[in-house]
Amino acid sequence: MDEESFERGIPTPSIFLKEALDPDGATKISPFGGVVVMAVLFGRNLTHLHRPGPDDDDTNLNGDFWRRHRNMDNILLNIVLSLPDHLRLPGGIDVPNVIFTNMAIHTSTICLHQAAIFKADSVRLPSNTSAESKIRCITAASEIASIMRMISHRDVTLVSRYDRTR
């Protein structure tokens, strides 16, 4: 669903959330769908970090906590790798939801991996566990900085192609 359709209450064909989270699901989402998917992933990240299950066993890299961590990381990586051109930057630079979705992907990656670093260090897991997460955080932060450089000089009045006067 695009922003204009949403604001005007026009039904638009879309996909189910489960499809959007599948490995090739990102190829089928709209800019608005990207915002929805990222909101869901932020929520899942919070649940993952703040509502541990009985079998989490933080000290075991094969335990539920680390299994969920890898699953969420794979979802984020799949989204990044399978974004269609209309959801990529700089192509979608004029669409606020595209900018938000791209920023949110990298922000979510940082949130996920900052928690993994803390967890791995606090239970004294092998140093490569936190080192890998540190690299993921630095890479995501670099992507956010790149996006900020890309949009910082833009006139915000020109960012949206949707004419609200119609």
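Looking only at the range 82-92, residues that are surrounded by fewer than 17 Cβ atoms within 10 Å (Cβ to Cβ) and touching a residue at least 60 places away in the same chain (Cβ under 8 Å) come to 1 in all. Could you tell me which of the residues N97, N78 is in contact (Cβ under 8 Å) with a residue 60 or more places away in the chain, within 16 Å of V37 (Cα to Cα) and touching a Gly at 6+ places or on another chain (Cβ under 9 Å)? Selected residue: N97, the only one of N97, N78 that is in contact (Cβ under 8 Å) with a residue 60 or more places away in the chain, within 16 Å of V37 (Cα to Cα) and touching a Gly at 6+ places or on another chain (Cβ under 9 Å).
Yes/no per residue for (1) surrounded by 14 or more Cβ atoms within 10 Å (Cβ to Cβ); (2) over 17 Å from I117 (Cα atoms):
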{"site": "F16", "(1), (2)": "no, yes"}
{"site": "P23", "(1), (2)": "no, yes"}
{"site": "I29", "(1), (2)": "yes, yes"}
{"site": "V35", "(1), (2)": "yes, yes"}
{"site": "R44", "(1), (2)": "yes, yes"}
{"site": "P54", "(1), (2)": "no, yes"}
{"site": "N60", "(1), (2)": "yes, no"}
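Yes or no: G43 in contact (Cβ under 8 Å) with a residue 60 or more places away in the chain and small (G, A, S)? So G43 fails the test.
One line per residue, one yes/no per condition, for (1) at pLDDT 95 or above; (2) out of contact with any helix residue (DSSP H, G or I) (no Cβ under 8 Å at 6 or more places or on another chain); (3) of a type in the set (K, R); (4) assigned to a helix (DSSP H, G or I):
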residue	(1), (2), (3), (4)
N128	yes, yes, no, yes
A131	yes, yes, no, yes
I135	yes, yes, no, yes
A141	yes, no, no, yes
A145	yes, yes, no, yes
M148	yes, yes, no, yes
T157	no, yes, no, yes
Y162	no, no, no, no
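For the range 61-110, filtering for residues that are within 30 Å of V123 (Cβ to Cβ) and within 12 Å of the chain's Cα centre (by Cα) leaves 16.
Among the candidates E3, E7, single out the residue that is at pLDDT below 90, touching a Phe, Trp or Tyr at 6+ places or on another chain (Cβ under 6 Å) and more than 24 Å from R136 (Cα to Cα). Testing whether each residue is at pLDDT below 90, touching a Phe, Trp or Tyr at 6+ places or on another chain (Cβ under 6 Å) and more than 24 Å from R136 (Cα to Cα) leaves just E3. Name the pairs whose Cβ atoms lie under 7 Å apart, with the first residue in the range 1-23 and part of a helix (DSSP H, G or I), the second at pLDDT below 80 and hydroxyl-bearing (S, T, Y), and 6 or more positions between them or separate chains? Every condition considered, the pairs that remain are E3/Y162; E4/Y162. Every test in (1) more than 27 Å from D155 (Cβ to Cβ); (2) in contact with a Ser or Thr (Cβ under 9 Å, 6 or more places away or on another chain); (3) buried (at least 17 other Cβ atoms within 10 Å of the Cβ) is passed by F65 save one, and that test is (2).
The values are calculated or read from the model by the stated rules, or taken from the named source; none is laboratory data. Predicted model, so just to flag it, every value in this text is computed and none were measured. Cβ coordinates were reconstructed from backbone atoms using ideal geometry, including for glycine residues, and neighbour counts include every protein chain displayed.
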